[in-house]
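The values are calculated or read from the model by the stated rules, or taken from the named source; none is laboratory data. Everything quoted here is computed from the prediction, not taken from an experiment. Backbone-built Cβ (ideal geometry, glycine too); neighbour counts: all protein chains shown. What goes into the accessible areas is simple: the full protein's heavy atoms, side chains included, and nothing from ligands, DNA or RNA. Shrake-Rupley method; radii C 1.70, N 1.55, O 1.52, S 1.80 Å.
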Amino acid sequence: MLKLHFRRGDPTPGLPMIWPAGQTWPAEIAALAQAAGFVAEAGRVLDAPGLPRRILVGLPAAPLRLDWEKAGAAAAAVLAEAPIATLAAPGLAPDSVAAFAAGMVLRAWRFDPYRTRGRKPALARVTCLVDDPAACRAAWEAAAPAIRGCLFARDLVSEPANHLTTRRFAARLEELAEFGIHVDVWGRKRLEKAGFGALLAVGRGAAEPPRLAVLRWRGSFDAPPIALVGKGLVFDTGGLSIKGAQGMEAMRADMAGAAACAGAMLALALRNAPAPVVAVLAIAENATGADSYRPGDVLRTASGRTVEVVDTDAEGRLVLADALHHATATLGARVVVDLATLTGAIVTALGPHRAGLFGNDDALLAALAAAGEETGERLWPMPIGARHREDLRSDIADIRQCMPASAGRLQPDASHAAAFLAEFAGTMPWAHLDIAGVDTQDKPHDLGPAGATGFGVRLLDRLLSAQYEEPPEPAGGRV
């Protein structure tokens, strides 16, 4: 992670200098901008060579926190191969400096532990010249937990499946105990005893068995926890309903929902959040094998409901069914949010720009949408209608997993999947985020390079900090 230092004084001679808008530039910098015809608007960057190299970064007239983050990311993108730089930020508010720094850290992230050749220099350290180093440092320390959680999720999503197996994923999660998170990993025997028939079926064909990881942050007040539920498919071949070869390599990222939940838990621990939160992560590999589950099978889930399997490549909703039941019925959560790279249909609808937002509670959905706008992890509301549930009627089980291929290609599968999950979420406030399409990006984006995005971590952290960090009122209201 990019290291930041805050101090007063003059810059180190010769190092690249970053000059954000929003402050009164020295005459030399103002003259440079004028000579280059540079207008310091949002999205504009001037890279002026020389000694020192100078990077001028534009901003909108009344920048929000996200605008400062995007500006910092734009500066870091220009300086991608300069290991050390200086941020000239006298006159900027501490929160603005921290947000600009956050954008630099997000954009400077790289994942290259498996490269043995051709590693390029990376931006590793930035000295921030500011009016009040202590205040800027405090503002950065308040922002850093969510950034660290996001980068942790990006690292997990980037791991290849031969390295991040179900066992190793669980082991990586167990390392979070050093931050005060209690981690309980369920193996196959425990899952069998508890009747997690859907999760066990999905992972049955793989060499390594499935896991259920339960991460608890106890917080500082006594209340039922907020539950985060994540799909953790370390690889998805599609099972017997096997995927085509084109693009299958991207299925190493099919655990991005679980990674986001884990990253959010790390962020909560790093900032010592007061709210009790639990994450339930369903971890498996959907492989083909002699014991793979089949289309036409009927599975008994942890809730006791039976499910008719139609397509083994619609495995995510199955593992989430068991995880959702555990979060609601066993752990007694008062609010549940699940994240999953669940359907290609949501990618068709929303592309790589927004995640699909489904649920049963208007207040929760509005809070999630607002958190998404603030953090740049944007959502779009999608429907769960009565007809979507009717489509899932089964002749031989309580519910059908999805629509069969014979129903035709133009099916609302994202809404069908959400309608399926609603059966296992119960009556409490619940939201489902279908993050397929936004979990990774093929090209560099506003807050990061191409690759894993860590989508969901900062959104969840913002939701929790804004909505759930005060003890809930007693059932009878205020006393």
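Listed by chain and number, the lysines whose alpha-carbon sits under 21 Å from that of Lys120, ignoring those within fewer than 8 places in the same chain, are Lys3, Lys443. Each residue, Asp131 and Val347, gets one label point 7 Å from its Cα in the Cβ direction; the gap between the two is 4.8 nm. Solvent-accessible surface of the chain, taken per residue with a 1.4 Å probe and all protein chains present: 42 Å².
Scan the stretch 1-106 for GluC sites (Glu not before Pro) in coil per DSSP, keeping those whose Cβ has at most 11 other Cβ atoms within 10 Å, and list them by number. Here the GluC sites (Glu not before Pro) that fit, given the DSSP loop and packing criteria, are Glu41, Glu81. Where only DSSP H runs of four or more residues are counted, the chain gives -10500 deg cm²/dmol as its mean residue ellipticity at 222 nm, each run worth -39500 (n - 2.57). For the stretch 1-52 versus the stretch 228-244, the spacing of their alpha-carbon centroids is 46 Å. Among the protein heavy atoms of the chain, carbon and sulfur supply 51% of the accessible surface, probe 1.4 Å, non-protein parts ignored. Relative contact order of the stretch 281-321, taken over Cα pairs closer than 8 Å and 6 or more residues apart, is 35 percent.
When all alpha-carbon pairs of the chain are counted, what percent fall beyond 31 Å? Roughly 44 percent, once rounded to a whole number.
The calculated FRET efficiency for Gln246 paired with Trp380, based on their beta-carbon distance and R0 = 30 Å, is about 0.65. Oblate is the label for the stretch 182-293. Its Cα gyration tensor axes, ordered a ≥ b ≥ c, give a/c of at least 1.5 and b/c at or above a/b. Annotation: extensible slack from Ala329 through Asp112 equals 74.0 nm (criterion: 0.36 nm per residue apart, minus Cα-Cα distance).
Cβ-Cβ distance of Glu81 and Ile396, R₀ of 60 Å, FRET efficiency by 1/(1 + (r/R0)^6): the value works out to about 0.50. Given R0 = 22 Å, the distance between the Cβ atoms of Phe38 and Ala62 translates into a calculated FRET efficiency of 0.65.
Using every pair of distinct Cα positions in the stretch 1-146, the Kirkwood expression returns a hydrodynamic radius of 15.3 angstrom. Across the chain, the longest piece that holds none of the trypsin sites (Lys or Arg not before Pro) lying in DSSP loops with up to 12 other C-beta atoms within 10 Å covers 120-392. Taking each residue as 0.36 nm, the span from His163 to Ala290 lengthens on full extension beyond its C-alpha to C-alpha distance by 43.4 nm.
Excluding residues fewer than 8 places away in the same chain, name every one of the lysines whose C-alpha is closer than 23 Å to that of Lys189. Filter leaves Lys231. Just for the chain, what percent of DSSP beta bridges are antiparallel, to the closest 5? Bridges in the chain that DSSP calls antiparallel: roughly 40 percent. Kirkwood's formula applied to the C-alpha pairs of the stretch 317-446 gives a hydrodynamic radius of 15.3 angstrom. For the stretch 221-352, list log₁₀ I(q)/I(0) at each q in 0.21 Å⁻¹, using the Debye formula over Cα point scatterers of equal strength and ignoring solvent, two decimals each. With no solvent term, the Cα-only Debye profile gives -1.26.
Segment Val298..Ala450, full-extension length gain: 50.7 nm, with 0.36 nm per residue of separation and the alpha-carbon distance subtracted. Between 0 and 90 degrees, the angle of helix 94-108 with respect to the longest Cα principal axis of the chain falls at about 60 degrees. With angles folded into 0 to 90 degrees, how steeply does helix 362-375 sit against the dominant principal axis of the chain? Use alpha carbons for both and round to 10. In the chain, helix 362-375 runs at an angle near 30 degrees to the longest axis.
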